[in-house]
Amino acid sequence: MLDCHLFSDLFRPPLTALPMTADIIPLNAIHATASAGLTLHAQVAQQLRQMLVENRIAPGAKLNERELCALLKVSRTPLREAIKMLAAEGLVDLLPNRGAVAVSLSENDVFNTFEVMAGLESLSGSLAAQRITDAELNEVKAKHFEMLAAYTRRDLPGYYRLNAQIHAAINLAAKNPVLAATYAQVNARLQALRFRSNQDEEKWQSAVQEHEQMLLALARRDSVGLAAILHAHLLHKRDTVLALLRQGQGQGQGQVKGQLKTPGTSP
């Protein structure tokens, strides 16, 4: 059987082989990409969440209802309901006389939240290694190799989407609904920062290597090993994000960045 490290080496280019890019793939119009079974305001929330994660709406930026309605092609009612959802998740602050503003985390917020998230990821890994089914493990493996392909293409949005799915799958494989709910709530506040932590080439490659170690530990059902890898992985993310914040790169400039692109427009 082909070793995970050997297989993934096929996907890993040299550091100078491809340019690092954090370009954001265009979002389709909301009605063309609506997820089955979701209400309209939930679909709007999904799109806004992606815009926040990908820094299309910068931390501290006011969510301008008129502009967002035009970009997402919806009326104000579902938009306002979506904003309330994001406020409940801790992604948006509702401020008197200012309206909705994208949350902006301080260094202390980042440090403390990543510290909690590292513990949640570690517990998820420990339980998942004991409880994951063969079918669930195969799905994680498939997502891992898709993620490596996205890494090779320097498709950061695609990479992050698959990365998040892997972490969520490990959390769900722990089969603890209280842990899953707590994980989702805390992780929501960190998604944008976790996304931007891979915009440094060397740190990105290190994160990929840590994911390979996770997969091997999970396949061995090594609960202690996987817990330790996930805990260290999150602390490395924390340190990268804090370094970006100190350099002024982790937070935006308090404005909506660019326009929501529709299919057929140039990036």
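The values are calculated or read from the model by the stated rules, or taken from the named source; none is laboratory data. Bear in mind the structure is a predicted one, so any value in this text is a computation, not a measurement. Using ideal geometry, Cβ is built from the backbone for each residue, glycine included, and neighbour counts are taken over all protein chains shown. In case anyone asks, the SASA skips ligands and DNA or RNA and just uses the protein heavy atoms, side chains included. Shrake-Rupley method; radii C 1.70, N 1.55, O 1.52, S 1.80 Å.
A quarter of the convex hull surface defined by the alpha-carbon atoms of the stretch 147-203 gives 4.1 nm² as the mean projection. Only protein atoms count toward the accessible area here, which uses a 1.4 Å probe; on the stretch 171-236, the carbon and sulfur part of that area reaches 57 percent. Dividing the mean sequence gap of close Cα pairs (under 8 Å, 6+ apart) by how many residues the stretch 33-167 holds gives a relative contact order of 18 percent.
Mind putting a number on the dipole of the stretch 206-250 about its Cα centre? Charges go on the C-beta only, +1 for Lys and Arg and -1 for Asp and Glu, and I need it in Debye to the nearest 20.
Working: 5 positive and 4 negative charges, 23 e Å.
The dipole of the stretch 206-250 has a size of about 100 debye.
Solvent exposure of the stretch 27-145 amounts to 46 Å² per residue of accessible area, where only protein heavy atoms count and the probe is 1.4 Å.
Computed from backbone phi, the HN-Hα couplings of the stretch 225-230 come to x, 5, 4, 5, 5, 5 Hz, rounded to whole numbers (Karplus: 6.51 cos²θ - 1.76 cosθ + 1.60, θ = phi - 60°; Gly and Pro given as x). Distance between the C-alpha centers of the stretch 201-225 and the stretch 120-139? Whole Å please. The distance from the Cα centre of the stretch 201-225 to that of the stretch 120-139 comes to 13 Å. Checking the a/c ratio against 1.5 first, then a/b against b/c, what shape does the Cα gyration tensor give for the stretch 159-241? Taking the square roots of the gyration eigenvalues as a ≥ b ≥ c, the stretch 159-241 is oblate.
Report note on the peptides 104-111, 42-49, 240-247: ranked by the mean count of other C-beta atoms within 10 Å, highest first, their order is 42-49, 240-247, 104-111.
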